[in-house]
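Report on the structure given below.
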Amino acid sequence: MSFPGLLLIKACVALTALSAPLLALVGLPGMWLTLGVAGAAEYWTETRLYSTQTMIGCLVIAIVGEIWEFTASSVRAKRAGAGRRGSIGALLGGLSGAIAGSFVLPVIGTLIGGGIGALVGSAFLERRGGRPLSEALEIGKAAAAGQMLGVAGKLLAATLLAGWIIVASFA
C-alpha cells in the first residue's frame, strides 16, 4: 500500500482511538471498537502496523477495564457489609441506572444514573433482606461510590489504550 494511503489508515485508527474514552463514558464499547479497527487495518493493509505486544497489551487493558467497571460497585458494597443481595443489587442497579441515564442525558446521565442505580439496587435488596434502613442506605452509598470508581477506572483504561494505539500507529 502506498505511503499516503497507509498514513490515512493510521489516522483513521488514531481518530477511532481518540473516541474510546468518550464512548466509554456513555457506556459504549469504545475500547473494543478501537481494537477492531486496528485489527482490521492491519489485516486490510497486509502491513505490520502493530506489534503482537501492542495488540495483546491493549486487549489486556480492555479486559481489565471492563472487569473493573463491572465489579467495582459490588466490591465496594461488600466492603461496606453488603451480603449477596446487596452486591447483586449494586451490580444490576448500576448497570440499569447507567443505561437509563444515558438515554436521559448522555455522559452525565450515565454517571449519575449508574450511581443512583447502584445505590437504589443495593439498598433495596439489603432492606428486603431484613437490614435496617440506615445500614441498607450506607451499603447503597458505598455501592454508588464504587460505581463511580468503576466508570473512572474504565475511562482510565480507555485513555491508556487510546494512547498506546496512537503512539504505535505513528512510531
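The values are calculated or read from the model by the stated rules, or taken from the named source; none is laboratory data. The structure presented is a predicted model; accordingly, all values stated were derived computationally and were not measured. Glycine gets a Cβ as well: all are built from the backbone with ideal geometry, and neighbour counts include every protein chain shown. These accessible areas exclude ligands, DNA and RNA; they are computed on the full protein's heavy atoms, side chains included. Shrake-Rupley method; radii C 1.70, N 1.55, O 1.52, S 1.80 Å.
Numbers for the structure displayed
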read-out: Which numbered condition Ala62 fails, given (1) closer than 20 Å to Ile116 by Cα; (2) part of a helix (DSSP H, G or I); (3) open to solvent by less than 30 Å² (accessible area, probe 1.4 Å); value: (1)
read-out: Whichever residue in the range 113-130 is modelled with pLDDT under 90 and farther than 18 Å from Thr71 by Cβ and, among such residues, is surrounded by the fewest Cβ atoms within 10 Å (Cβ to Cβ); value: Gly130
read-out: Every residue from the range 48-107 that is among the small types (Gly, Ala, Ser) and farther than 30 Å from Ser134 by Cβ; value: Ser51, Gly57, Ala62, Gly65, Ser102
read-out: Residue match in the range 27-42 (condition: open to solvent by less than 50 Å² (accessible area, probe 1.4 Å), farther than 30 Å from Val104 by Cα, at pLDDT 90 or above and not in a helix (DSSP H, G or I)); value: no
read-out: Given (1) crowded, with 16+ Cβ neighbours inside 10 Å; (2) under 30 Å from Ala145 (Cα atoms), index of the condition Thr54 fails; value: (2)
read-out: Considering residues of the range 131-171 that are of a type in the set (S, T, N, Q) and more than 16 Å from the chain's Cα centre (by Cα) only, the residue surrounded by the fewest Cβ atoms within 10 Å (Cβ to Cβ); value: Ser134
read-out: So Ser102, is it modelled with pLDDT under 85 and open to solvent by less than 10 Å² (accessible area, probe 1.4 Å); value: no
read-out: Flag for Glu46 being at pLDDT 85 or above and not hydroxyl-bearing (Ser, Thr, Tyr); value: no
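The rows are residues; the columns are (1) within 30 Å of Leu95 (Cβ to Cβ); (2) among the polar types (S, T, N, Q).
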site: Thr16; (1), (2): yes, yes
site: Leu28; (1), (2): yes, no
site: Leu35; (1), (2): yes, no
site: Glu42; (1), (2): no, no
site: Thr45; (1), (2): no, yes
site: Arg48; (1), (2): no, no
site: Ser51; (1), (2): no, yes
site: Thr54; (1), (2): no, yes
